[in-house]
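First up is the structure itself, then whatever we jot down about it.
The values are calculated or read from the model by the stated rules, or taken from the named source; none is laboratory data. The shown structure was predicted, so the numbers you read here are calculated from the model rather than taken from an experiment. We place every Cβ from the backbone using ideal geometry, glycine too, and count neighbours over all the protein chains shown. SASA here: full protein model, heavy atoms, side chains in, ligands and nucleic acids out. Shrake-Rupley method; radii C 1.70, N 1.55, O 1.52, S 1.80 Å.
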Amino acid sequence: MRLNIDGVTPLPRMLLISEFLLHADFQVELDGAVFVAAGDRVSYEDGSVVVTRSTGEQYKHPIRDSYWICR
């Protein structure tokens, strides 16, 4: 499933995220899996994943590793 990690687009359904591709060649692995609800917005800021709930509350989750994928 392709996610928009832009902080603006609400997620279409509940998800448990442990890793994702930020760009086509940049992999991000989270320190622990993050549960996001439908309607939450997710962004990648300053080495953390930020989840913004529909109420405006924000939660920062540190990343374990991020790296460029050579193709």
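Annotations for the structure displayed:
- Note, ³J(HN,Hα) from phi for the stretch 17-22, Karplus 6.51, -1.76, 1.60, rounded to Hz, x at Gly and Pro: 10, 10, 7, 7, 8, 6
- Look at the alpha carbon pairs under 8 Å that are at least 6 residues apart: their mean separation over the length of the chain gives a relative contact order of 33 percent.
- In the full protein context, the chain carries 67 Å² of accessible surface per residue, based on a 1.4 Å probe and ignoring ligands, DNA and RNA.
- Carbon/sulfur fraction of accessible area - the stretch 1-70, other protein chains in place, 1.4 Å, %: 50 percent
- Cβ-based net charge around Ile63, under 14 Å, with every Lys or Arg adding one and every Asp or Glu removing one: -4
- A convex hull fitted around the alpha carbon atoms of the chain yields 80 Å³ per residue.
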